[in-house]
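S.K.: What follows is a single structure, and I will ask about it in a moment.
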Amino acid sequence: MAAIGVAYCSSSGNTVVPWSGRFLPSSRTLIPLFRKPNFSAKRRSSMASPLQLQVHACSTVGAPNERLDLEVSSPSLVGENDLLIIGPGVLGRMVAEQWRKEYPGCQIFGQTMTTNHHDELVKIGINPSLRGTRSPQQFPFVIFCAPPYRTADYPGDVRLAASNWSGEGSFIFTSSSAPYDCNDNGSCNEVLNLLQHIVLLDSPIVPLGRSPRTDILLKAESVVLELGGCVLRLAGLYKADRGAHNYWLEKGTVEVRPDHILNLIHYEDAASLSISIMKKKLRGRIFLGCDNNPLSRQEMMDLVNSSGKFSKKFEAFTGKLISDVSK
């Protein structure tokens, strides 16, 4: 797949590049893990200069529903900046909030699996409907944020969602960085020369058939690319009250390696990166979004313990270090 020779960086250093492996600068400066309690809006993305990167690669943390055959009322006229969100959960709602700031007066719609949260969506300005709902109108911008674990046919759901896209604007599917076949803290070297439009990559992808988890994602991504949409592979999503750190905090002691490197991205940054891609109206591209600070499990939980924001205290990771395993 051809690269377009453009990288988008958010104000906090988050990077999105066309068809990327592990795309993290080698800087290990620790970030304030809970820097965004009020979900303030980010500044707009800026263009990046040519970069040479070395990154640490690892895996991120890590009943069927029948489709409804319904038809609901929809606006008689869809605006050029109207947005449909498939799966308006935490990420989808942040996308909606930031999109409305970019395009005041636009209409935002959301499709969900159940009606459980429709009242909440209405209150924040999202017009809700159920998955499978037929609309006589298509939308110029569609983003798919729904996870794969609540459906028996995830690629089919993605294809159904894409049928709501008019082919204008942009269709983006938020995937995971799980398809990258590297989980041993190894480095992925990438040279990105934006001036000469050259991208050299050495990040292998998990082959189909090895893992049901990655099979589902890769098949869904294939549908998106076939239809001209874009794929955004996101590293481990987090915010103060969501993410791997919350799970480990509840457990107290966890039998995994403390030195396993994590690639992460804050929910707000993931939303701003999604919007940056949609605004470019690109076709058939794969992107990776992650933050500027890879850190180990132990480093992350040290931040949690020292933050003073939690009543519980994480005790320890009890798994063997990489150096111990290799002996």
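The values are calculated or read from the model by the stated rules, or taken from the named source; none is laboratory data. Note that this is a predicted model, so its numbers are computed, not measured. Here Cβ is always computed from backbone atoms with ideal geometry, including for glycine, and neighbour counts include all displayed protein chains. The area values use the complete protein model at the heavy-atom level, side chains included, leaving out ligands, DNA and RNA. Shrake-Rupley method; radii C 1.70, N 1.55, O 1.52, S 1.80 Å.
S.K.: Suppose every Lys and Arg Cβ carries +1 and every Asp and Glu Cβ carries -1, with no other charges. What dipole size does the stretch 212-288 come out with about its Cα centre, to the nearest 20 debye?
M.R.: About 420 debye.
S.K.: With the cut-off at 30 Å, tell me which of the pairs 101/251; 239/320; 101/312; 219/279 have Cα atoms farther apart than that.
M.R.: Over 30 Å Cα-Cα: 101/251; 101/312.
S.K.: Further question on the same structure: Out of the total accessible area of the stretch 230-280 (probe 1.4 Å, heavy atoms of protein only), what percent is carbon and sulfur?
M.R.: C and S fraction of accessible area: 45 percent.
S.K.: Hey, got the dipole for the stretch 236-327? About the Cα centre, +1 on K and R Cβ, -1 on D and E Cβ, debye to the nearest 20?
M.R.: 520
S.K.: So for the stretch 232-327, what percent of the C-alpha to C-alpha distances run longer than 20 Å?
M.R.: 47
S.K.: How big is the gap, in Å, between the Cα center of the stretch 274-301 and the Cα center of the stretch 87-109?
M.R.: Cα centroid of the stretch 274-301 versus Cα centroid of the stretch 87-109: 18 Å apart.
S.K.: Around residue 227, with a cut-off of 10 angstrom between Cβ atoms, what is the net charge of the other residues, counting Lys and Arg +1 and Asp and Glu -1?
M.R.: In short, +1.
S.K.: Project the alpha carbons of the stretch 104-177 onto their principal axes and report the range along each, largest first, in whole Å.
M.R.: In descending order, the Cα extents are 32, 31, 28 Å.
S.K.: Take each of the peptides 262-273, 160-171, 246-257, 139-150, average the number of other beta-carbon atoms within 10 Å over its residues, and list them starting from the highest.
M.R.: Listed from highest to lowest mean packing, they are 262-273, 139-150, 160-171, 246-257.
S.K.: Take peptides 205-216, 221-232 and line them up by average Cβ neighbours within 10 Å, highest first, as a rough protection proxy.
M.R.: The most tightly packed comes first, giving 221-232, 205-216.
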